[in-house]
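The values are calculated or read from the model by the stated rules, or taken from the named source; none is laboratory data. Computed from a prediction, not measured in an experiment: that's the story for all the values here. In this analysis, Cβ positions are derived from the backbone assuming ideal geometry, glycine residues included, and neighbour counts consider all displayed protein chains. In case anyone asks, the SASA skips ligands and DNA or RNA and just uses the protein heavy atoms, side chains included. Shrake-Rupley method; radii C 1.70, N 1.55, O 1.52, S 1.80 Å.
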Number of protein chains: 2
Amino acid sequence: MNSQKIEPAKILLAKNIKPTPIRLKVLETLLSQTHAMRLYDIENILDGVERTSIFRAIKNFEKNNLVHEIDDGSGATKFALCEDRCECNLEDLHVHFFCKICEQTFCLQQLQIPSMELPPEFVVESANFVIKGICANCNT
Amino acid sequence: MNSQKIEPAKILLAKNIKPTPIRLKVLETLLSQTHAMRLYDIENILDGVERTSIFRAIKNFEKNNLVHEIDDGSGATKFALCEDRCECNLEDLHVHFFCKICEQTFCLQQLQIPSMELPPEFVVESANFVIKGICANCNT
DNA sequence: CTTGATTTTGCAACACTGTTGCATCACATT
DNA sequence: AATGTGATGCAACAGTGTTGCAAAATCAAG
């Protein structure tokens, strides 16, 4: 079936991203995973593809609101696909969960980041809310 | 006045930390700042003290609930003193604010991290909530 | 006080992540 | 086919965190 080859290209085109081979591979890799991924994870799966090429593809995706960065405190930035109509505004942000055991990061899309009453003159632009603990899989 | 020399030692002793020269210097540096500091910042102020020595002092402080780590997405972990009776439990956690302009990180101690309704079987242990934007000083 | 054990510190080195510069290559347009 | 634009691969680098080991300082026991 070729739907797996056609879909990613459509996604890229919908975001005005030229669907080059590397970008397609990176996107397919992200689509194949349910968790947020490190650059290194993608590198391992796409064996033979340069780290920098993946890096630039991801940066391109970010700029075009296709993926978002998550800083889960593990030391490495993780990346996950945005939801369809995400424009990476404040309202689009959601909470993430980092499991200390399997070290995987979950997008809790149903949990919007709560707005906070900041001190006067402070302006919010974005936020990073990561809850850490043990995920359902590791909690046996 | 010698209160500045006696106080830090008391703080360390109260947390069962042996007040060695390096530890005192690191603690004094943290006390002298209103914002969270990077290892590198402390290193710069304590000119001549080894990075690793500061690192180990900080790690010791962390273990004894004297400082907490903040991951503000700047790439470098920042450290700030805990409040007096902090035991680094969930209830002790507060929101942080990272200013994109001056790159300083503020402890918003009055803002407790809100609890979230997680998916079933997920266990919370800690959290990192950083709001990013422009601080009052830079917002002119 | 001397000896020995333990802890702390300084130094060197390393791993990992992210990033940039540059040359080459592919591709699209004329 | 010629040309220009962008994508890719390669090499190198910087920042951060971390560990191993040896020297120094501290502490405890005799």
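Here the relative contact order of the range B:7-54, from alpha carbon pairs under 8 Å that lie six or more residues apart, stands at 32 percent. Per residue, the range B:3-133 exposes 56 Å² of solvent-accessible protein surface, assessed with a 1.4 angstrom probe and all protein chains in place. What residues have an amide H closer than 5 Å to that of B:Ala36, excluding those fewer than 5 places away on the same chain, when H is modeled at 1.01 Å from N in the peptide plane? The answer is B:Thr105, B:Cys107.
Mind telling me which of A:Val67, A:Val123, A:Val95 comes out most flexible in a GNM of chain A, alpha-carbon contacts under 10 Å? Maximum among the listed residues: A:Val123. Each helix, a run of at least 4 DSSP H residues, gives -39500 (n - 2.57); summed and divided by the residues of chain A, these come to -9500 deg cm²/dmol at 222 nm.
Rounded to the nearest angstrom and listed largest first, the equivalent-ellipsoid semi-axes of the protein assembly as shown from its Cα gyration tensor are 39, 20, 19.
Between copies, the label points of B:Lys100, set 7 Å from Cα on the Cα→Cβ line, lie 3.3 nm apart, reported in increasing order to one decimal in nanometres.
The residues B:Val49, B:Val124, A:Val26, sorted by heavy-atom accessible surface at 1.4 Å with ligands and nucleic acids left out, run B:Val124, B:Val49, A:Val26 from largest to smallest. Working note: Cα atoms of the range A:3-133, range along each principal axis, descending, whole Å: 48, 35, 26. Each Cα pair under 8 Å and six or more residues apart adds its sequence gap; the mean of these over the residue count of chain B is a relative contact order of 19 percent. In this Cβ point-charge picture (+1 for Lys and Arg, -1 for Asp and Glu), the protein assembly as shown has a dipole of about 800 debye about its Cα centre.
Given a 1.4 angstrom probe, I'd like the percentage of the accessible area of chain B that is carbon and sulfur, rounded to a whole number. Walk me through the numbers on the way to the answer.
Numbers: 3770 of 8060 Å².
Using a 1.4 Å probe with all protein chains present, chain B comes out at 47 percent carbon and sulfur.
Across identical copies of the chain, B:Glu50 has label-point separations of 3.9 nm, listed in ascending order, with the point defined 7 angstrom from Cα along Cα→Cβ. Counting from the shortest, the label point at B:Leu31, 7 Å from Cα toward Cβ, is 5.9 nm from the same position in each remaining copy.
Under a Gaussian network description of chain B, with springs only between Cα atoms under 10 Å, the residue in B:Ala127, B:Ala57, B:Ala36 that fluctuates furthest is B:Ala127.
Amide H contacts for B:Ala127 (H built 1.01 Å from N in the peptide plane; partners 5 or more residues away or on another chain; cut-off under 5 Å): A:Lys132. Taking DSSP loops as anything outside H, G, I, E and B, show the longest stretch in chain B free of GluC sites (Glu not before Pro) there with at most 16 other beta carbons within 10 Å. Formally, the longest exposed-site-free interval is B:1-49. Couplings 3J(HN,Hα) for the range B:124-140, derived from phi with the Karplus relation 6.51 cos²θ - 1.76 cosθ + 1.60 (θ = phi - 60°), are 8, 10, 7, 7, 9, 10, 10, 9, 10, x, 10, 7, 4, 5, 7, 8, 10 Hz, where x marks Gly and Pro.
Given a cut-off of 28 Å, name the pairs among B:Lys15/B:Lys132; B:Lys10/B:Lys59; A:Lys10/A:Lys78; A:Lys132/B:Lys59; A:Lys18/B:Lys100; A:Lys100/B:Lys132 whose C-alpha atoms lie farther apart than that in the structure shown.
As for pairs spanning more than 28 Å Cα to Cα, those are B:Lys15/B:Lys132; A:Lys18/B:Lys100.
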